[in-house]
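The values are calculated or read from the model by the stated rules, or taken from the named source; none is laboratory data. What you see is a predicted model; the values in this text were computed from it and never measured. No Cβ is skipped: glycine too gets one built from the backbone with ideal geometry, and neighbour counts run over all protein chains shown.
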Amino acid sequence: MEKAKTDEVEVAKKEIEEREEKKKTPVFLKSFCNKGLQGITFGVMEGIVMALGLIAGLSVTQDRTIILLGLVVSGLADSLANSAGFHISEETESYHTKSEVYASTIFTFMATFFAFVIIGIPVLIFEPAQLLFISGILAALILIVLGYIVGKIKGSDYRRIILEYLIIAAITTTVCYYLGGLVYS
């Protein structure tokens, strides 16, 4: 009888351990996380929010050239500034290797620039009147995917993270739209 109880306890412990192990981040992801995932997620989030805010603020002009020029110039400047800032931030932390710092720097630049390019594509296709709506939908889809990935990696509730990302984008877009209208009028 005692032996049966011990066996049951051991089986239960093993099942719990297996469930906990499945929740953990896979080894290949841990390695990737150390070498740039933080830079990628930062760059994508910041680039999406920045590009959408810029489109919102400049869309009041209804001038495609101004919107495109703003996206190209600020996209490059923002990508360079983000990667430099991220590089310095990572470098000052004592637990990153040199290769992790440089990987994060490169990934931050590429992710920010990529976000600007993706959000900027509708500028080439749609009229300025439709642009904010189309770019907003595109940005929301990217932020949903980003929030889902971050939530899964962290083992957190991805719905809460997605909601947080969407709220940040919505607030930024709204403020920039009204600020653009105020300055333009």
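Observations, loosely collected:
- In segment 91-143, the residues that are of a type in the set (Phe, Trp, Tyr) and within 21 Å of the chain's Cα centre (by Cα): TYR102, PHE107, PHE109, PHE113, PHE114, PHE116, PHE133
- Only one entry of SER94, SER79 meets the criterion of being crowded, with 18+ Cβ neighbours inside 10 Å, of a type in the set (Gly, Ala, Ser) and free of Cβ contacts under 8 Å to residues at least 40 places away in the same chain, and that entry is SER79.
- Of the criteria (1) free of Cβ contacts under 8 Å to residues at least 40 places away in the same chain; (2) out of contact with any helix residue (DSSP H, G or I) (no Cβ under 6 Å at 6 or more places or on another chain), which one VAL175 fails: (1)
- Within segment 109-133, restricting attention to residues that are of a type outside the set (A, V, I, L, M) and over 22 Å from ALA81 (Cβ atoms), the residue that is surrounded by the most Cβ atoms within 10 Å (Cβ to Cβ) is PRO122.
- Just one residue in the set ILE144, ILE161 is over 20 Å from ILE55 (Cα atoms), out of contact with any strand residue (DSSP E or B) (no Cβ under 8 Å at 6 or more places or on another chain) and either of a type outside the set (Phe, Trp, Tyr) or buried (at least 20 other Cβ atoms within 10 Å of the Cβ) (or both); that residue is ILE161.
- Taken as a whole, the condition of being buried (at least 22 other Cβ atoms within 10 Å of the Cβ), at pLDDT below 95 and over 11 Å from GLY43 (Cα atoms) does not apply to VAL101.
- Candidates GLY120, GLY151, GLY136, GLY70: the one that is assigned to a helix (DSSP H, G or I) and more than 12 Å from ALA51 (Cα to Cα) is GLY151.
- Residue among VAL44, VAL72 that alone is more than 22 Å from TYR184 (Cβ to Cβ) and among the aliphatic types (A, V, I, L, M): VAL44
- Subset of segment 148-174 that is of a type in the set (Gly, Ala, Ser) and modelled with pLDDT under 95 - its residue that is nearest to the chain's Cα centre (by Cα): GLY151
- Scanning segment 164-179 for residues that are closer than 14 Å to VAL145 by Cβ and among the hydrophobic types (A, V, I, L, M, F, W, C) yields a count of 2.
- Listed by first and then second residue, the pairs with beta-carbon distance under 6 Å, at least 6 apart or on different chains, first residue in segment 129-152 and within 16 Å of THR174 (Cα to Cα), second surrounded by fewer than 17 Cβ atoms within 10 Å (Cβ to Cβ), are ILE134/PHE126.
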